Amino acid sequence: MNAAAFRPGASTLPSSTVEISLRCENLMDTDILSKSDPFCVVYYKGSAGQSEFLEIGRTECIDDNLNPVWQKKIILDYNFEERQALKLCVFDSDSNVASLEDHDFLGSVECNLGEIVSMQSKGFSRSLNNGKGATIHITAEELSSNKEVLTLKFSGKKLDKMDWFGKSDPFIEIFRSTESNQYILVHRTEVIKHTLNPDWKPFQISIRSLSNGDDDRDLRFDVYDWNRSGSHEIIGEFHTSVRRLRKGPNNDNTYDVINKEKQKK
């Protein structure tokens, strides 16, 4: 089932389209020689005669990470006058098999979509049941109706060398700001191995995902050096906006990648 196209119920109740972003902290480590490889499965149950939870989407799996920030979003309609229950289950991926019986359970939580939406961009947090202290953080934002798609391409020059024996393995994580000054992950590029001058592949992203239709919304770009252990090192960051990105390749779209921790030293 395509979660992005999922529209619970055929109701005429007042509704809006919301985007659900997910991340966890302090997950259990169920792997002996490495960290867990978590992914989250989301189930939905409406109030209109639906007796059981149905799966509506899964995040991507993030390797070797006990504090995952998932890029993939869950998009659904929020019906103001309907009770809409969600169940979120986190698993440690042990294979490429789709059946959840083949993966280790890391905890779950049940809540109502209304609870999440009421917190808006401030975020909704709850401890995972059977999660041994793990917490899940859920952020909901009402999406604009903007259907525009941008094609973006980034490259870097003379990035800092983070590895002792060799060059860095850089990738970018792109975040959009929320009304409460938090940041939500919207895209993660591929990793390019052994280079300080990466040239990442072009990619397409909807304006709705990137900035929710607001060309002046702050976007943060975090540049990391990938490590096999999952403990990726920050090379630096920069900020921009869709309005600035629309200008295309020019001096105004050249940015210094700043490592704030190094600046403090």
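The values are calculated or read from the model by the stated rules, or taken from the named source; none is laboratory data. Values in this document were obtained by computation on a predicted structure and should not be read as measured data. Note that we place each Cβ from the backbone using ideal geometry, even for glycine, and neighbour counts take in every protein chain shown. Keep in mind that these areas ignore ligands, DNA and RNA; they rest on the heavy atoms of the full protein, side chains included. Shrake-Rupley method; radii C 1.70, N 1.55, O 1.52, S 1.80 Å.
Using Cβ point charges alone (K and R +1, D and E -1), the dipole size of the chain about the Cα centre works out to roughly 940 debye. Surface composition of the chain: carbon plus sulfur atoms hold 47% of the accessible area, using a 1.4 angstrom probe and ignoring ligands, DNA and RNA. The charge dipole of region 153-231, taken about its Cα centre with unit charges on the Cβ of Lys, Arg, Asp and Glu (plus for the first two, minus for the last two), comes to roughly 340 debye. Taking the three principal axes of the alpha carbon atoms in region 47-113, the coordinate ranges are 41, 23, 17 Å, sorted in descending order. Of the residues I184, I116, V97, the one whose Cα sits farthest toward the positive end of the charge dipole of the chain, with +1 on the Cβ of Lys and Arg and -1 on the Cβ of Asp and Glu, is I184. Note on region 1-155: Rg/Rh from C-alpha atoms, Kirkwood Rh, equals 0.98. Magnitude of the charge dipole for region 30-111, about its Cα centre and with charges confined to Cβ atoms of Lys, Arg (+1) and Asp, Glu (-1), is about 340 debye. Extending 7 Å from the Cα toward the beta-carbon at both N227 and D256 defines two label points whose distance is 2.7 nm.
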